[in-house]
């Protein structure tokens, strides 16, 4: 698996999966006060990302120095679906449509794209976002909400 800026697929297994962390978790990882502890999920060795998450995380930084640190950290992670292929966008659209047919509102099309990347690569999504719970009801997505 290539790094985001450049992947053997991660070391995940049934006991210690490799998680694709959603932006909602990364926000807490980079928080100055009471950050999310990645050791709770096995550390950075058990984490992958995808380019839509990298974009969402980086666009949220106001401070240039913090942006540079975050950019270096995010781009050093193993990255699934880099570059993104048209098929992943089609799968994301299908996820959105399946949710809509089931009467479920998905608020973010980016969450559909992140879910499509996770499903295609056999990864679960670690999140604090209700969209992934909704998407898991209409797809094979594995998700875990880490909200307190």
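Read the figures in this text as sums done on the coordinates, not as results from a lab. No experiment lies behind these values; they were computed from the predicted model shown.
Quick rundown of the values:
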| item | result |
| --- | --- |
| For region 85-148 and region 61-78, distance of Cα centres in Å | 25 Å |
| Helix-derived mean residue ellipticity, 222 nm - over the chain, DSSP H n ≥ 4, -39500 (n - 2.57), to 500 | -13000 deg cm²/dmol |
| Computed Kirkwood radius, in angstrom, where 1/r is averaged over Cα pairs of the chain | 15.4 Å |
| Mean separation of Cα contacts under 8 Å (6+ apart) over length of region 39-86, as relative contact order % | 54 percent |
| Rotationally averaged projected area of region 77-117 (alpha carbon convex hull; nm²) | 2.9 nm² |
| Fraction of beta bridges assigned by DSSP in the chain that are antiparallel (%, nearest 5) | 10 percent |
| Overall Cα dimensions of region 77-148, principal axis frame, Å, largest first | 31, 30, 18 |
